[in-house]
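Undergrad: Sending over a structure as C-alpha cells; questions will come in a sec.
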Amino acid sequence: DVKVTQSSRYLVKRTGEKVFLECVQDMDHENMFWYRQDPGLGLRLIYFSYDVKMKEKGDIPEGYSVSREKKERFSLILESASTNQTSMYLCASSPYRAGVSYGYTFGSGTRLTVV
Amino acid sequence: AQTVTQSQPEMSVQEAETVTLSCTYDTSESDYYLFWYKQPPSRQMILVIRQEAYKQQNATENRFSVNFQKAAKSFSLKISDSQLGDAAMYFCAYRSATAGANSKLTFGKGITLSVRP
C-alpha cells in the first residue's frame, strides 16, 4: 500500500524553538507539498518541491523553510516557532508526467501546537 | 491566479438521501483538472473523484458523481444513497494541466457534511 508518512501526529513546541516536520513517501513521486490547514481557511500551500534540492514558495512561505535532500523526503522547518503557527500541517506527494495532472496522496497530518 | 470557491461551510443530509455539494472556480485556462477530496474525522485526505476539463462526460465513482459545467465554471459533487461514513469535510480542488512540473492543487475552503441517521 503506497504511503505518505508524517513523522508525528501531535507535536507541542515552545515559542522560539526550531521545529522540524518530516514527510516521507514511498511512491517515487517527483512532487511533494506542504500545506497548513486552519478552520475557515481551507488548505494553504506553504512550499512545494518538484525535484530533489528544488523548492518553490507557495502562498504563505513566511516563517518557514524546506529541505529536500532525497527524493522520498521533504522536511518543513519552522526556524523560530510562533503561536500563530499553531495549525494542522499536511504533507502530500504526486507523480509528474508531462501533460497529465495527478491528484495528491496525503499524509495523516501533524497537529502542531506552539505554546 | 486560479481560485476555488465553496460557498457553503456546512451541509446536512439524511442517511440514504442524495446531497449535492457546490463548487465554483475561476480560471483563464482551458485545460485543467478538477478534484473532490474527502477528509474524514481521522484526518487523512483521500481522493473521491477527478474530472478532466476536456472531457464533456461527467465523472462517476460508485455513489459519487459530478456535474461539470465548464462554461459556468461549476463543479458540484453529488453523493447518492448517503451513508454515515460519508460524514466528513469535502474539498474541491483545481490543478492546471499546462503548468508543467510546477503545477499544484488549489483548494477551496471546504464544506463539512454531516449525515443524520
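The values are calculated or read from the model by the stated rules, or taken from the named source; none is laboratory data. Because the structure is a prediction, the values reported are computed rather than measured. Cβ sites come from the backbone with ideal geometry, for glycine too, and all protein chains shown count toward neighbours.
Undergrad: Restricting to segment A:69-90, name every residue that is part of a strand (DSSP E or B) and either more than 18 Å from residue A:114 (Cα to Cα) or polar (S, T, N, Q) (or both).
TA: A:69, A:70, A:73, A:74, A:75, A:87
Undergrad: Would you check which residues across segment B:35-79 are of a type in the set (Lys, Arg) and over 14 Å from residue B:24 (Cβ atoms) and list them?
TA: B:38, B:43, B:50, B:55, B:63, B:78
Undergrad: Just one of (1) assigned to a loop (DSSP other than H, G, I, E, B); (2) under 23 Å from residue A:109 (Cβ atoms) trips up residue B:17, so point out which.
TA: If we test residue B:17 against (1) assigned to a loop (DSSP other than H, G, I, E, B); (2) under 23 Å from residue A:109 (Cβ atoms), just (2) comes out false.
Undergrad: Still on this model: If I filter segment B:73-89 for residues that are aromatic (Phe, Trp, Tyr) and under 28 Å from residue A:111 (Cβ atoms), do I get at least one hit?
TA: Taking every residue of segment B:73-89 in turn, none turns out to be aromatic (Phe, Trp, Tyr) and under 28 Å from residue A:111 (Cβ atoms).
Undergrad: Related question: Would you mind finding the one in A:64, A:102, A:50 that is aromatic (Phe, Trp, Tyr) and more than 14 Å from every other protein chain (Cβ to nearest Cβ)?
TA: Being aromatic (Phe, Trp, Tyr) and more than 14 Å from every other protein chain (Cβ to nearest Cβ) holds for just one of A:64, A:102, A:50, which is A:64.
Undergrad: Starting from residues that are within 14 Å of residue A:109 (Cα to Cα) and acidic (Asp, Glu), keep the ones in segment A:1-39 and report whichever is surrounded by the fewest Cβ atoms within 10 Å (Cβ to Cβ).
TA: Residue satisfying both the conditions and the ranking: A:38.
Undergrad: In this structure, does residue A:45 turn out to be within 11 Å of chain B (Cβ to nearest Cβ), in a strand (DSSP E or B) and touching an Asp or Glu at 6+ places or on another chain (Cβ under 6 Å)?
TA: Here the answer is yes, as residue A:45 does meet what is asked.
Undergrad: If you don't mind, another one. Can you confirm whether residue B:45 is at the interface with chain A (Cβ under 10 Å from one of its Cβ atoms) and at pLDDT below 95?
TA: Taking the combined requirement at face value, the residue satisfies it.
Undergrad: Identify all residues within segment B:20-42 that are within 14 Å of chain A (Cβ to nearest Cβ), more than 22 Å from residue A:37 (Cα to Cα) and in a loop (DSSP other than H, G, I, E, B); write none if there are none.
TA: Passing the criteria: B:27, B:29, B:30, B:31.
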